[in-house]
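The block underneath contains the structure these notes are about, expressed in structure tokens.
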Amino acid sequence: QVQLVESGGGLVQAGGSLRLSCAASGRILRTNAMGWFRQAPGKEREFVAGISWSGASTYDADSVKGRFTISRDNAKNTVYLQMNSLKPEDTAVYYCALRTATAVLTTSSAYNFWGQGTQVTVAS
């Protein structure tokens, strides 16, 4: 089993920044890809960014390219999402997810373990 705990969410003004963290514990393997997803009220959960175990491969949704950066520190079993130039449409609950496989995929069904989510609210 794997446990994921997100932190770092909050309320920020448009144009501001936040850094989300996801601490993983349990049976972490050196092949696990990880990702961030988000879900706004009344909308489906959507992919935000993903990263391979080594960190060599990262993928960002078009909506966040150039503004968000995903990274990981395997020594700490932690994945980060640096969010800059935030917009009101970035408001959502952000979830960390882990795949028990190597490839970074953008579909939520491909991920096996999920955190409880952290709320990000961007005020205009």
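The values are calculated or read from the model by the stated rules, or taken from the named source; none is laboratory data. Please read these numbers as outputs of a predicted model, since none were measured by experiment. Because the Cβ atoms are built from the backbone with ideal geometry, glycine has one as well, and the counts that use them run over all protein chains shown. Heads up: the accessible areas ignore ligands, DNA and RNA and are worked out on the full protein's heavy atoms, side chains in. Shrake-Rupley method; radii C 1.70, N 1.55, O 1.52, S 1.80 Å.
With respect to the conditions (1) in contact with a Lys or Arg (Cβ under 6 Å, 6 or more places away or on another chain); (2) part of a loop (DSSP other than H, G, I, E, B), L29 lacks only one, and its number is (1). Do we have S71 as in contact with a helix residue (DSSP H, G or I) (Cβ under 9 Å, 6 or more places away or on another chain) and open to solvent by 10 Å² or more (accessible area, probe 1.4 Å) here? So S71 does not fit the description; no.
Of the residues that sit in the stretch 67-124 and are part of a helix (DSSP H, G or I) and charged (D, E, K, R), which one is farthest from the chain's Cα centre (by Cα)? Here the answer is E89. With the structure loaded, tell me whether A110 is free of Cβ contacts under 8 Å to residues at least 12 places away in the same chain and open to solvent by 40 Å² or more (accessible area, probe 1.4 Å) or whether it fails that test. Answer is no for this residue. Within the stretch 24-48, the residues that satisfy the criterion of being within 15 Å of Q116 (Cβ to Cβ), open to solvent by 40 Å² or more (accessible area, probe 1.4 Å) and at pLDDT 95 or above are Q39, R45.
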